[in-house]
1. Roughly how many debye, to the nearest 20, is the charge dipole of the chain about its Cα centre, given +1 on each Lys and Arg Cβ, -1 on each Asp and Glu Cβ, and no other charges?
2. Would you work out the relative contact order for region 44-224, in percent, from Cα pairs under 8 angstrom that are 6 or more residues apart?
3. Within the set 72/188; 172/224; 15/172, which residue pairs have Cα atoms separated by over 24 Å?
4. List every residue whose amide H lies under 5 Å from the amide H of residue 108, counting only residues 5 or more places away in sequence or on a different chain, with H placed 1.01 Å from N in the peptide plane.
5. When ranked by the protection proxy of mean other Cβ atoms within 10 Å per residue, highest first, what sequence do the peptides 222-230, 69-77 form?
6. Please turn the phi angles of region 134-144 into ³J(HN,Hα) values with the Karplus equation 6.51 cos²θ - 1.76 cosθ + 1.60 (θ = phi - 60°), one per residue in order, whole Hz, x for glycine and proline.
7. In sequence order, what are the phi-derived ³J(HN,Hα) couplings for region 72-86 according to the Karplus relation 6.51 cos²θ - 1.76 cosθ + 1.60 with θ = phi - 60°, rounded to whole Hz, with x for glycine and proline?
8. Please turn the phi angles of region 97-104 into ³J(HN,Hα) values with the Karplus equation 6.51 cos²θ - 1.76 cosθ + 1.60 (θ = phi - 60°), one per residue in order, whole Hz, x for glycine and proline.
Amino acid sequence: MSRLGLWRGSAGPFKAAADDRPAGDGGPIEQAFFGHEGPVIHKWHHYLPVYDRHFAPWRGRQVRLLEIGVFKGGSLALWSGYFAPGSTIIGIDIDPACASLDVTPARVMIGSQDDPAFLAKVVETFGGAIDIVIDDGSHQARHMRRSFDLLFPFVADGGLYVVEDLHCAYWKQFGGGFRRATFIAKAKQVLDDMHHWYHPHGRAPAHAGVAAMHCYDSIIVFDKGREERPINSKRGGA
Ligand SMILES: C[S@@+](CC[C@H](N)C(=O)[O-])C[C@H]1O[C@@H](n2cnc3c(N)ncnc32)[C@H](O)[C@@H]1O
C-alpha cells in the first residue's frame, strides 16, 4: 500500500493482525473489548485506553449516555456492562434495521445525527441532559459539526462529548481534506472560543462550557464545565 493509498483513506493497512497487542495497559474497557463475544463492536485499539482514562470517574455510576452510531449494537453492550445498572444508554442510528436489534438494557432510536427535530426528541428522552455523548456515526464532516452544535449544549456540567474517527476528516469520501472545514477545523474554532475572553471575536453559543479538550490520534474528548471569568493575582513577596 503506497502512502498515497493511506492518504486516500484505505482502512486496509490499519487492520490489526492476530498477534497485535492491546494499545493500553489493560484497563477495564480494553479488557471488555478484547473479551467481548456478543454482537460486533468496531473500535480502533488506541481509543480503548482513552475511554479507560476519561470514563473511569463514571465507572459504577448511573450515567445518561448517548452513542451516535449503533451498527450491530456491540458498543452499546460494552457501555451497558461498564456503567451501573439503571443507566440510561441510548444509541441512535439512521439505519432502520438497528431498531430490531436487542440491545437491552440500552435502547435504540432511529434518525439522523444532523436532524435537529430528531435530536431534540432524543434529548427529551434523556430528560433534557446527557452525561456522555459519543459520536461514532456517519463520520461525515458536516454531520459531526452539526451534531456537536445541537447536542453539546445539553451535555451536563462535568459531562463529556467524545468524537471518534477524526482521521476521516482527511478523507474525501467523508467530506474531508487537509485543512478543510472538517471537525478538526471546528475543534480549532472551539479552542479559539474557549479563549474568547482574550480576543474580540466572540464565541459560538454552542461552544459555551468547553472546560477542556483532550486531543488524541483520531479522538477528541471535550469536558463540559461551568464557565467562570478567569482572574489572576500575585501572592507572596517580601
Ligand atoms: C462505525 S458504525 C458504529 C459502530 C458502533 N458504535 C461500534 O462501536 O460498534 C457507524 C454507524 O453510524 C450509522 N450512521 C450513518 N449515518 C448516520 C447518520 N446520519 N445518523 C446516525 N447514524 C448514522 C451507520 O448506519 C452505522 O451503523
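1. With Lys and Arg at +1 and Asp and Glu at -1, about 780 debye.
2. Computed value for region 44-224: 17 percent relative contact order.
3. From the list (72/188; 172/224; 15/172), the Cα-Cα distance tops 24 Å for 72/188; 172/224.
4. Distant-sequence amide H within range of residue 108: 91.
5. Highest mean packing first, the order is 69-77, 222-230.
6. 10, 9, 10, x, 5, 6, 6, 3, 5, 5, 5
7. These are the phi-based 3J(HN,Hα) values: 9, x, x, 6, 5, 5, 4, 5, 4, x, 8, 8, 5, x, x Hz.
8. For region 97-104, the Karplus curve yields 4, 5, 5, 8, 6, 8, 10, 3 Hz.
Laboratory data are not the source of any read-out in this text; all were calculated from the coordinates shown. Note that the structure is a prediction, hence the values are computed from the model and not measured. Ideal geometry is used to build each Cβ from the backbone, glycine not excepted, and the neighbour counts take in all protein chains shown.
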